[in-house]
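Just below is one structure, and these are the notes that go with it.
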Amino acid sequence: MDKTDRKILNIIQTEFPVEEEPFKFLGEAIGISEDEALDRVKKLKEEGIIRRIGAVFDTGKMGFASTLCAARVSEEKVEEFVGIVNSYSGVTHNYRRSHEYNIWFTFIAPSEEEIERSLDEIREKTGVDDILNMPVRRKFKIDASFDL
Amino acid sequence: MLIHYDQNVQKKRDIVMLNDREKALIKYMQGDMVLTKRPFAYLANHIGTDEGEALNAIKRLKKQGVIRKVGAILRHQKAGLTENAMVVWAVPDEECERVGALFASYRDITHCYERMPPLDGKYNLYTMIHLSEKGVEKFVGKISLAAGIADFKILKSKEEFKKSSMEYY
């Protein structure tokens, strides 16, 4: 990844041009040709630095509910628990973290009730009772872009 | 970008009703765009509209706030941001606005939310931190001093089990 790649990433992780010819637009912004801009983005994608190019949505505006859950799971049950939790398509992120609540996952669903229902189902299937449901009360920042 | 509102208030009044074409567009845009010189023409063809209409629809959804951004989502570790942590803070209710706004102003803090109920009965403010070099503890110590909030916990991720994009439709 060179300096030009970094320039490209710093632009398109914040805002991919919504234009008829976005790579021409991007190339002009940093002084390279359309072909080079497209080739470089393709390469960054192949290398796995770019996970995807698309849209990020406000789940609330679309009428969906979202939350962060934390579960206290004994070590011998972690694998089974994670397998069952990850089978829900609304679970988009799941990590082991250094806390007595050791498994942390995000959950998006059409309603809060559906999240609660799914959590009860998970409790029943796995025998893990202690799952916290901690929805957002106030948002101060959502900005998954980085200074490269 | 500073987004600031009470989610309960938003729930009642800000839900945007989407038509079938918008849902089709979202279904495509929640995934990975095809990399060609005219990616929005490709998208338009895919959902049965023309390029101009598709571009207008995306711009409209952005303006309405349904689309937060159109952009590249990176694998931050591969992009060189190797250090990351979730830090939870015990912030008194009356201090939350001030501390939330302060934390939001740091470039290395990518997300900052107040959550309910608080973890361990007191940790209500959540921050996600991404750094390009070691020093999460040092950074957290610095912002703890700046905010005047001494009670916090660093919850490092030990293992990634899942990381995906939501499929809404």
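The values are calculated or read from the model by the stated rules, or taken from the named source; none is laboratory data. All figures in this text were calculated on a predicted structure; none of them were measured in a lab. With ideal geometry, Cβ positions are generated from the backbone for all residues, glycine too; neighbour counts draw on all protein chains shown. The area values use the complete protein model at the heavy-atom level, side chains included, leaving out ligands, DNA and RNA. Shrake-Rupley method; radii C 1.70, N 1.55, O 1.52, S 1.80 Å.
Taking a 19 Å limit on the Cα-Cα distance, which of the listed pairs A:Lys43/B:Lys78; A:Lys141/B:Lys162; A:Lys3/B:Lys59; A:Lys7/A:Lys42; B:Lys78/B:Lys162 fall beyond it? The answer is A:Lys141/B:Lys162; A:Lys3/B:Lys59.
Relative to the dominant Cα principal axis of chain A, helix A:112-126 is inclined by about 60°. For the protein assembly as shown, with all protein chains in place and a probe radius of 1.4 Å, 49% of the accessible heavy-atom surface sits on carbon or sulfur. Of all segments of chain B bounded by trypsin sites (Lys or Arg not before Pro) found in a DSSP loop with no more than 14 other C-beta atoms within 10 Å, the longest spans B:1-74. Since only B:Leu119, A:Tyr95, A:Ile32 are under comparison, the one whose Cα sits farthest along the positive direction of the charge dipole of the protein assembly as shown, derived from C-beta charges on Lys, Arg, Asp and Glu, is A:Ile32. Scanning chain B for GluC sites (Glu not before Pro) lying in DSSP loops with no more than 16 further Cβ atoms inside 10 Å, the longest uninterrupted stretch between such sites is B:1-132. Helix A:34-46 and the long axis of chain A differ in direction by around 30°, with both axes built from C-alpha atoms. For the range A:55-148, applying the loop criterion from DSSP together with a ceiling of 11 other beta carbons within 10 Å to the GluC sites (Glu not before Pro) yields A:Glu100. Within 10 Å of the Cβ of each residue in B:96-106, the mean number of Cβ atoms contributed by other protein chains is 2. With protein chains left intact and a 1.4 Å probe, residues in the range A:33-78 average 38 Å² of accessible area per residue. Which shape class applies to the range A:44-98: rounded if a/c is under 1.5, otherwise prolate when a/b exceeds b/c and oblate if not, where a ≥ b ≥ c are the square roots of the Cα gyration tensor eigenvalues? Verdict is oblate for the range A:44-98. For the chain pair A and B, the buried solvent-accessible surface (1.4 Å probe, both sides summed) amounts to about 8500 Å². For B:Thr36 and A:Asn86, a Förster radius of 25 Å and the Cβ-Cβ distance give a FRET efficiency of 0.15, rounded to the nearest 0.05. The length gained by stretching the chain between B:Arg75 and B:Arg98 to full extension, at 0.36 nm per residue less their Cα-Cα distance, is 5.2 nm.
Taken as entire DSSP H runs, the helices of chain B never both span 24 Å or more between Cα atoms along their own long axis and average 1.0 or more on the Kyte-Doolittle scale.
A 1.4 Å probe run over the protein chains yields, for the range B:73-169, 47 Å² of accessible area per residue, whole-number rounding.
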